[in-house]
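Worksheet: one structure, shown below.
Each value in this text was obtained by applying a stated rule to the coordinates, not by laboratory testing. Since the structure is predicted, the reported quantities are computational estimates derived from the model, not experimental observations. Glycine gets a Cβ as well: all are built from the backbone with ideal geometry, and neighbour counts include every protein chain shown.
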Amino acid sequence: MKELTEEHKKFIDKNYLQIPDVDQLTKVIFNNQKLDGRNKEGKLVASYMLERGYGYKTRAHRKVKKISLTDDQKKLIHEYSEEDGMSSLQIAQLIFQDTEVKNLSKEQRIVADFLKTNDSKFIKPSEKCEKEDYIPPKKESEVIQKINQFSQSELDLDISKLKREEKEAVLSLKKYLNSPRFIQIVNTYNIEDGGLFEAEFVRATCDKHDLTSDELNLYINVCVDYVNLKTIQRNMEKLNRMFDDCEDQTEMSVKLAEILKAKSAEYHQCEQRQESLIKKLNGDRSTKMKNRQDQFASVLSLVQSFQQKEERERMIEIAEKQKMLVENEVDRLESMDSWKSRILGLRKRDVL
């Protein structure tokens, strides 16, 4: 069939309001339940309804118009991504202001594809900046150097004069800095952010030689948030400058205000998360130290009790020996001539 008959057209004119669905209308017109808008009959029905200006429904999705980035839009993507560290969604919302841009929309995906397939200058700062693999310390002297550099202690540690507690702390920190998760995370940062992550970690753990694996992971999470706060703060400062520059562009200002608000909320959430982790770690450590002191006190009490018992037994033994000496002396005196004993007036029962 190349075209609709007059009877078909009259039926459509009369019933399109009651049957606006092209699939259903096609089935009724041609009395065939297997037909729908994808068949040639359905396409003829849809074409006639469009020609007459009739609205209709269909299950087929209309093709989204292809989007091509202009040179100006590419420049904006470069600026926002390189200098501001914005996501592809935030950039799309700014450059396509006449469209409601949502996550995974055509606009967002074309910006994301542009960032992925172009020169490295379009990559975000955290990925663009120079990076190098982290080499954990293998010698105690290297660990001590990091402690002296980052802990800001008044007295620098000297490897030749370490106390027992300091020696344990150095050995433990070397183990922490060689842990797989620490190395994996620090290698995701550029040199500047990686340095901040390591410095905060050393400061937080250099005097804690007894961390469990769970506590170690929590301290790593705290230091990750230090880097996150710095990144968010940098983005907020840039957004504020952009906001000041486009005060006369109302729509752009609204978009920037929304992004700035989202960044502020993200910063606040990061602060709260970090504060909660630090509070938990300090509380757990305080409990651990108290339990350890209680254990030391119990051991000390046992030692003192043992010493007191030992002292009592020693004094009893001395008294017994003294008593034996007196008995022996009395026996010796009694063995003397009787007249000497009478002169001295000594009897064993009088002495003992």
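A few remarks follow.
- In the structure shown, the pairs 139/163; 163/279; 10/43; 131/208; 106/255 are assessed against 21 Å; a Cα-Cα span above that value is assigned to 163/279; 131/208.
- Couplings 3J(HN,Hα) of region 269-275, computed from phi: 5, 5, 4, 5, 4, 5, 4 Hz, in residue order, whole Hz [Karplus 6.51 cos²θ - 1.76 cosθ + 1.60, θ = phi - 60°; x for Gly and Pro].
- Magnitude of the charge dipole for region 1-52, about its Cα centre and with charges confined to Cβ atoms of Lys, Arg (+1) and Asp, Glu (-1), is about 100 debye.
- Between residue 21 and 57, the built amide H atoms are under 5 Å apart, and every one of these is 5 or more places off in sequence or on another chain.
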